[in-house]
Amino acid sequence: MKAIILSSGKGKRMMPLTKDIPKPMLEIHGETLLLNKIKMLEKISIDSIFVNVAYKKEIIKQYITNLTQDINIVDEGNEPLGTASGIRNITQNFNSESFIVINSDVITDFNLKIIKDLDLGHKLAHIVLVETPDYLDGDFEVENNNIVKGIKYTFTGIGKYHTELFKKYNNQDLGDILRAEKDIGFTIYDGQWMDIGTPERLEKVRQLIQSPK
């Protein structure tokens, strides 16, 4: 199975930390957010990992080149394409298949094997939700075992998708597709998860997570 780590955003809310480096290169106890996701995917034996780059892309390219892992870099140009367009840009050369996507700027102990092993069946997507933390506005509610727009749950940036979803919709942002598609599977996760969207939240995670020994 293939997996994508979304890494092309500008990280405007992280300024001034992202003035000179892209957000995926920010560190928690010496480990970059990007490497953290690579390790999560390697742990579940993903066959191919794709990383899209745009903002400060040369820094990420050089970093990946220096890793021992075999990572596929997809250059979006000088401006990020958007989450859905970035995925579509990568998967245009995929076969008709399912794949995993994870945002580089989240920290979680969610076991990605859960969605790797999951059969999408007739659905085109299965996403992971958490109860909305106090620092976010929320994305979805659950009604009759279906997700609808709301505020109770937040999309974690983790999901499994079929390539057909990105042929069915031409939206630029993934959130718009998830709100448009009526038949999406979901898992509600009650473990550790945090969106690293601001310098304050990055510092909070650094305090909460113990340094690796």
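The values are calculated or read from the model by the stated rules, or taken from the named source; none is laboratory data. Note that the coordinates shown come from a computational prediction; the quantities given were computed from them, not determined experimentally. Note: ideal-geometry Cβ built from the backbone for every residue, glycine included; neighbour counts use all protein chains shown.
Annotation note: Cβ proximity below 7 Å between a residue of region 68-89 that is touching a residue at least 40 places away in the same chain (Cβ under 8 Å) and a residue that is surrounded by 14 or more Cβ atoms within 10 Å (Cβ to Cβ) and among the β-branched types (Val, Ile, Thr) (sequence gap 6+ or interchain) occurs for Glu76/Val53; Ala84/Ile177; Ile87/Ile4; Ile87/Val101.
Entry remark, region 180-206: residues being buried (at least 18 other Cβ atoms within 10 Å of the Cβ), among the hydrophobic types (A, V, I, L, M, F, W, C) and more than 22 Å from Ser8 (Cβ to Cβ) number 2 in total.
Taken as a whole, the structure places Phe166 among residues that are modelled with pLDDT of 95 or more, out of contact with any strand residue (DSSP E or B) (no Cβ under 8 Å at 6 or more places or on another chain), buried (at least 18 other Cβ atoms within 10 Å of the Cβ) and under 23 Å from Ile49 (Cα atoms).
Identification of strands (runs of 3 or more DSSP E) wholly contained in region 129-203 with 1 or more residues that are among the charged types (D, E, K, R) yields 140-143, 146-149, 153-162, 193-195. Scanning region 124-168 for residues that are among the basic types (Lys, Arg) and within 23 Å of Leu34 (Cα to Cα) turns up just one, Lys160.
The residue that is nearest to Gly157 (Cα to Cα), counting only those in region 88-117 that are part of a strand (DSSP E or B) and hydroxyl-bearing (Ser, Thr, Tyr), is Thr108. Please go through region 143-163 and give me each residue that is surrounded by 13 or more Cβ atoms within 10 Å (Cβ to Cβ), closer than 24 Å to Gly197 by Cβ and either within 16 Å of the chain's Cα centre (by Cα) or not small (Gly, Ala, Ser) (or both), ordered by number. Once the filter is applied, which keeps residues that are surrounded by 13 or more Cβ atoms within 10 Å (Cβ to Cβ), closer than 24 Å to Gly197 by Cβ and either within 16 Å of the chain's Cα centre (by Cα) or not small (Gly, Ala, Ser) (or both), region 143-163 yields Ile147, Lys152, Tyr153, Thr154, Phe155, Thr156, Gly157, Ile158, Gly159, Lys160, Tyr161.
For region 179-202, the criterion of being more than 23 Å from Lys37 (Cβ to Cβ) and of a type in the set (Lys, Arg) is met by at least one residue. Taken together, Ile177, Ile158, Ile209 contain a single residue that is modelled with pLDDT under 95, within 27 Å of Arg13 (Cα to Cα) and not basic (Lys, Arg), which is Ile209. The condition of being more than 27 Å from Leu120 (Cα to Cα) and either touching a strand residue (DSSP E or B) at 6+ places or on another chain (Cβ under 8 Å) or in contact (Cβ under 8 Å) with a residue 24 or more places away in the chain (or both) holds for only one of Leu6, Leu41, Leu17, that being Leu17. Being among the hydrophobic types (A, V, I, L, M, F, W, C), touching an Asp or Glu at 6+ places or on another chain (Cβ under 9 Å) and in a loop (DSSP other than H, G, I, E, B) is the filter here; which residues of region 46-87 pass it? Ala54 - this is the single residue of region 46-87 that is among the hydrophobic types (A, V, I, L, M, F, W, C), touching an Asp or Glu at 6+ places or on another chain (Cβ under 9 Å) and in a loop (DSSP other than H, G, I, E, B). Taking region 1-34 as the region of interest, how many residues are surrounded by 14 or more Cβ atoms within 10 Å (Cβ to Cβ) and part of a loop (DSSP other than H, G, I, E, B)? Qualifying residue count for the region: 11.
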